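Every number in this text was worked out from the coordinates using simple rules, so none of it is lab data. The model shown is predicted, which means the values in this text are computed figures rather than measured ones. Here the Cβ positions follow ideal geometry from the backbone for every residue, glycine too, while neighbour counts run over all protein chains shown.
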Amino acid sequence: QALQEIGLSDAGAGTIQDIVSCPGTDTCKLGIAASRGLAAELQSRLAAKIDSLPEPVKGLRIKISGCFNSCGQHHVADIGFFGNSRRSGNYKMPHFQVVLGGRWRDNAGSYGLAIGAVPSKSVPEALEVITRRYVEDRQPHETFQDWIARLGKVEARKLIAPFMQLPAFEEQPEFFTDWGDPRIFTLGDIGVGECAGEVVSLFSMEIAKAESALFEAEVALEQGDATRAEDLAYQAMLQAARALVLTQFQDVGHEPDRIVEEFKTRFYDTQLFYDPYAKGKFARYLLERHTHPPVRVDGDVAHQRVDEATLFIEATHACEARLASQPLLI
Ligand code: SF4
């Protein structure tokens, strides 16, 4: 009764419906997606069917952050999500990166595996697909973390691949809103002209190559090939930097020294790449790796580089979105 009086008597504590979320875009000015809105949506869907959920699913933990700063502790959840955005045509679409198999027991012993970003509005269906497959595949007494480790990144990504195809705004405008916020995300007039439109699609194509290299790096890491994983993660950062430079300077070419020099001059020295919270930290991941390649690569070095490339690519998306939403000076 005392808990009821202060609004803390909801059922489901310690079950999958007991979702942790940071404030996200509701009140945090660093937020990219509506983590609290997503938590409310998942909570109400899960509460409606909690009695019929299989026991292994009932015991899972979901944690959600509104951006990659991780205040919602998405990295140490069975199923975690952190907010980001992707572009479809001239519009931004709120997304959540899916992170599976983080260890919240054992003093948060290990981080989860980022397997790809899905539109915010597809998260409930993606969650359904993941939990259903877990129930079908798991061996007796196998934990979610052990199942994800056994499944591997390639197979895990296949689970959410159908949700990664982005509809056009004209086809499904509801995908361009976030949970609990009916406003349409838009980049305004930027990119509607022929030339600007060309640059927008060029960025999208180039950043997709960076994400593909990062995925290959993660697979190499999973297969124990640390040297290849480290190099691919570096290549992914280079490719992402090139994608950004191309929005200002299309003759950058493919030579690493030139890409890094142009990136540094145009985006680091000018602080355009600066994250509001981490400042120039993500840019320095590339600058330092380019200047000081590792003498010896082991699993820890490769793991760190893959983590850095993940954050660098997210920061590249955020930087491009910030710049694209600024009014053009004519
Ligand atoms: S994770 Fe991001 S959105 Fe959430 S509280 Fe931290 S900085 Fe804000």
### Task
Determine the shape class of the range 2-176: with a ≥ b ≥ c the square roots of the Cα gyration tensor eigenvalues, call it rounded for a/c under 1.5, and otherwise prolate if a/b is greater than b/c, oblate otherwise.
oblate
### Binned Cα-Cα distance frequencies in the chain - 10 Å width, integer %
6, 25, 34, 23, 10, 3, 0
### Query
Under a point spin-label approximation (7 Å from Cα along Cα-to-Cβ), what is the GLU136-ASP307 distance to one decimal in nm?
3.4
### Structure-based [θ]222 nm, the chain - -39500 (n - 2.57) summed over DSSP H runs of at least 4, per residue, nearest 500
-15000 deg cm²/dmol
### Query
Using a ≥ b ≥ c from the Cα gyration tensor of the range 68-169 (square roots of the eigenvalues), is it rounded, prolate or oblate, where a/c under 1.5 gives rounded and otherwise the larger of a/b and b/c decides, a/b for prolate?
oblate
### Query
Sorting ARG183, ARG150 on the 10 Å Cβ count, fewest up front, what's the list?
ARG183, ARG150
### Query
What is the Cα coordinate range of the range 194-324 on the first, second and third principal axes, sorted by size from largest, in whole angstrom?
45, 27, 25
#### Entry: Mean separation of Cα contacts under 8 Å, 6 or more apart, over the residue count of the chain: relative contact order %
13
### Task
Output the Kirkwood hydrodynamic radius of the range 76-131, Cα pairs only, in Å rounded to one decimal.
12.0
